[in-house]
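Novice: I'd like to ask some things about the structure below.
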Amino acid sequence: MLPHPLSLQARLMAAVIGFVSLILVIVAIITSATLGKTLEDRLQEQLDATSKVTTALVTDRARVAALRGEALTAEMAIQGGIVSDGSLLMAVLPPDSPASGVVATQNSRRGLSAADLLELTSGLQGSRSATVSLSDFGSYRVTADRTENDVVVITGLPRAEVQRTMTSLFTVIALATLGGLILLALTTALTISMGLRPLRAVAATASRVAGQPLDRGEVSITERVPDYEADPRTEVGRVGVALNTLLDHVDSSLAARQRNEERMRRFVADASHELRTPLASIRGYSELSLRALKQSQDAPTVENTTSALERIQAQSLRMTRLVEDLLLLARLDEGAELVHGEVDLSQLAVEALADAQPTAPGHHWKLETPGEPVTVVGDMGRLHQVVGNLLANARTHTPEGTTITLALAATPSGAELRVHDDGPGIDPAVREELFARFARGDVSRARQTGGTGLGLAIAKAIVEGHGGTIAVESAPGDTTFTVRLPSGLRSSPSPRPEPPVQ
């Protein structure tokens, strides 16, 4: 089983504290070594100076002892000598008498044992100065000199002061290092915790979003990383900004999906309703016709049967148009059904208005075109359908006496076609869904004229298939549908088409 992984904060703290600890240990070692060497050098200097004094003192005491016929001892040599603060070690090794040694302070004298003398001579074997440790007196720095009368004088100073200084230094360094590391750990933990707080906010936001039911119902992702945790000026903050951008995109995509699903449900419901009406009529009239034919063959029956069959034919045609419009929309959604070629919009506008006039003689029709014909690259049949649908829409939803104007103009970036009427206008409640499938501004009027509610949706699909746009502006007495087609305009020397008779 794999060990539990450390958190990012723990790893960062371990790395920082470990690195700083290593630096502090190295600094402590260098400082201690430097200070220790300095103290040892100073002690050696003091020892050299003291050794000169003791050597001279032993030389004098050796002459006196020789005159008296006495054996020279360390106690005799140091008698009356100068002892500095602390203690002074002196050992005398005469060539013709036993060795002796003493450790003297200002208030006492203690002789060295044979083991101590052996330790001194062993430590100085082959060198003038050495550090020796005596069992009863501690550590001493000693040096050996030979007098002119061949007496070896060993002088030593205690290392206790050096050791106390180094111990104090080690204690201070250890306490300072420990305190510094504790303070560093707290500061690092606080800093890293604050630095990683945006990441925790990102994780919390992602967890809340993951807990939402996104596969059903009305979906809306409202969770976001707070702005104060998503600062784009910091590396960690940019993660929060990126997550918010992603959530915005997902939220808008889910909203679009939901709108499409709702639109599809309405589409299916409306299509079912639209198909059910003519199918019910066809069924009713067919049953009536069959019953009439079975009952009688007289003239009135034949006339009624003929009328019923005509109604069946009319409803069949209406259902056929509906199905054809649905198929056309499906094909336009797939990017098919467009055959591009040169289209004379001026001639197309004349023909479309001429076709619309007989269907509504009670309306006033006007055509406005530029002096030069306007041609574009597109599908002539589909563009004719766009203009026809817009004119039919204006005719269907306005009363008699309304003036409908079809205007065409060339623009620097393309062609612009407008259908204007001075009718009652469009209800603001349906304006946003005006180009949706089965949308009707006036349901009763549309049903009377046989409209399916697909005309504007088809017009929008065709225009967008040409890379253009369609928009509407409406107010009471002033409604304008504007179609803008992209560039591809050409000037032609052909004569300007004549508008239909007003």
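Novice: Evaluate the following for residue 233: is it modelled with pLDDT under 80 and farther than 18 Å from residue 204 by Cβ?
Specialist: Spelling it out, it is not the case that residue 233 is modelled with pLDDT under 80 and farther than 18 Å from residue 204 by Cβ.
Novice: Of the numbered conditions (1) in a loop (DSSP other than H, G, I, E, B); (2) surrounded by 19 or more Cβ atoms within 10 Å (Cβ to Cβ); (3) of a type outside the set (Gly, Ala, Ser); (4) under 60 Å from the mean Cα position of the chain (by Cα), residue 72 satisfies every one except a single condition; which is it?
Specialist: The single condition residue 72 does not satisfy is (4).
Novice: Here is a follow-up. Of all residues in the range 39-73, which are among the acidic types (Asp, Glu), free of Cβ contacts under 8 Å to residues at least 60 places away in the same chain and farther than 27 Å from residue 114 by Cβ?
Specialist: Matches in the range 39-73: 41, 45.
Novice: Given the condition among the β-branched types (Val, Ile, Thr), part of a helix (DSSP H, G or I) and surrounded by fewer than 16 Cβ atoms within 10 Å (Cβ to Cβ), answer yes or no: does some residue in the range 103-118 qualify?
Specialist: Checked against the condition, which is being among the β-branched types (Val, Ile, Thr), part of a helix (DSSP H, G or I) and surrounded by fewer than 16 Cβ atoms within 10 Å (Cβ to Cβ), the range 103-118 yields no hits at all.
Novice: Within the range 354-408, which residues are of a type in the set (Gly, Ala, Ser) and either closer than 26 Å to residue 431 by Cα or modelled with pLDDT of 90 or more (or both)?
Specialist: Listed by number, the residues that qualify are 354, 356, 360, 362, 388, 392, 394, 401, 407.
Novice: Follow-up. With the condition being aliphatic (A, V, I, L, M) and surrounded by fewer than 21 Cβ atoms within 10 Å (Cβ to Cβ), I'd like the strands (runs of 3 or more DSSP E) fully within the range 330-421 carrying at least 2 qualifying residues.
Specialist: Strands (runs of 3 or more DSSP E) meeting the threshold: 403-411.
Novice: Of everything in the range 231-264 that's closer than 19 Å to residue 209 by Cα and among the β-branched types (Val, Ile, Thr), which residue is surrounded by the fewest Cβ atoms within 10 Å (Cβ to Cβ)?
Specialist: The extreme case among them is 245.
Novice: Related question: Mind listing whichever residues of the range 152-174 are in contact with a helix residue (DSSP H, G or I) (Cβ under 8 Å, 6 or more places away or on another chain), β-branched (Val, Ile, Thr) and in a helix (DSSP H, G or I)?
Specialist: 162, 165, 173
Novice: Within the range 48-66, is there a residue that is within 60 Å of the chain's Cα centre (by Cα), modelled with pLDDT of 85 or more and in the same structural domain as residue 149 (by TED's automatic domain parsing)?
Specialist: No, the range 48-66 contains no residue that is within 60 Å of the chain's Cα centre (by Cα), modelled with pLDDT of 85 or more and in the same structural domain as residue 149 (by TED's automatic domain parsing).
Novice: Where residues in the range 417-448 are farther than 30 Å from residue 346 by Cα and of a type in the set (Gly, Ala, Ser), which of them is modelled with the lowest pLDDT?
Specialist: Residue satisfying both the conditions and the ranking: 444.
Novice: Still on this structure, I have one more. Just to be sure I understand the filter: pairs with C-beta atoms under 6 Å, separated by 6 or more residues or on different chains, first member in the range 13-38 and without any contact (Cβ under 8 Å) to a residue 12 or more places away in the chain and more than 14 Å from residue 165 (Cα to Cα), second member among the hydrophobic types (A, V, I, L, M, F, W, C) and not in a helix (DSSP H, G or I). Which pairs pass?
Specialist: Once the first residue is without any contact (Cβ under 8 Å) to a residue 12 or more places away in the chain and more than 14 Å from residue 165 (Cα to Cα) and sits in the range 13-38, no partner that is among the hydrophobic types (A, V, I, L, M, F, W, C) and not in a helix (DSSP H, G or I) comes close enough.
Novice: Give just the number: which of (1) at pLDDT below 75; (2) assigned to a helix (DSSP H, G or I) does residue 213 not satisfy?
Specialist: (2)
Novice: Also: Residues that are in contact (Cβ under 8 Å) with a residue 40 or more places away in the chain, assigned to a strand (DSSP E or B) and out of contact with any Gly (no Cβ under 6 Å at 6 or more places or on another chain): does the range 93-101 have at least one?
Specialist: Yes, the range 93-101 has at least one match.
Novice: Any chance you could count how many residues in the range 168-218 are under 30 Å from residue 247 (Cα atoms), touching a residue at least 40 places away in the same chain (Cβ under 8 Å) and among the aliphatic types (A, V, I, L, M)?
Specialist: So the count comes out to 5.
Novice: Out of the range 119-138, which residues are small (Gly, Ala, Ser) and exposed (fewer than 15 other Cβ atoms within 10 Å of the Cβ)?
Specialist: Scanning the range 119-138 gives 122, 126, 127, 133, 135, 138.
Novice: Still on this model: When residues of the range 139-160 are filtered for being farther than 24 Å from residue 62 by Cβ and surrounded by fewer than 13 Cβ atoms within 10 Å (Cβ to Cβ), how many remain?
Specialist: Of the residues in that region, 0 qualify.
Novice: Another question about this same structure. Could you list, in sequence order, all residues of the range 152-167 that are free of Cβ contacts under 8 Å to residues at least 40 places away in the same chain and of a type in the set (S, T, N, Q)?
Specialist: If the condition is that a residue be free of Cβ contacts under 8 Å to residues at least 40 places away in the same chain and of a type in the set (S, T, N, Q), then 163, 167 are the ones that fit.
Each row is one residue, and each column tells you yes or no for (1) closer than 21 Å to residue 43 by Cβ; (2) assigned by TED's automatic domain parsing to the domain that holds residue 36; (3) of a type outside the set (A, V, I, L, M).
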position: 68; (1), (2), (3): no, yes, yes
position: 75; (1), (2), (3): no, yes, yes
position: 94; (1), (2), (3): no, yes, yes
position: 99; (1), (2), (3): no, yes, no
position: 102; (1), (2), (3): yes, yes, no
position: 136; (1), (2), (3): yes, yes, yes
position: 141; (1), (2), (3): yes, yes, yes
position: 150; (1), (2), (3): no, yes, yes
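Novice: Return the residue satisfying two criteria in turn: it lies in the range 128-151 and is without any contact (Cβ under 8 Å) to a residue 60 or more places away in the chain and part of a loop (DSSP other than H, G, I, E, B), and of such residues it is nearest to residue 72 (Cα to Cα).
Specialist: Checked the range 128-151; the qualifying residue nearest to residue 72 (Cα to Cα) is 150.
The values are calculated or read from the model by the stated rules, or taken from the named source; none is laboratory data. Since the structure is predicted, the reported quantities are computational estimates derived from the model, not experimental observations. Note: ideal-geometry Cβ built from the backbone for every residue, glycine included; neighbour counts use all protein chains shown.
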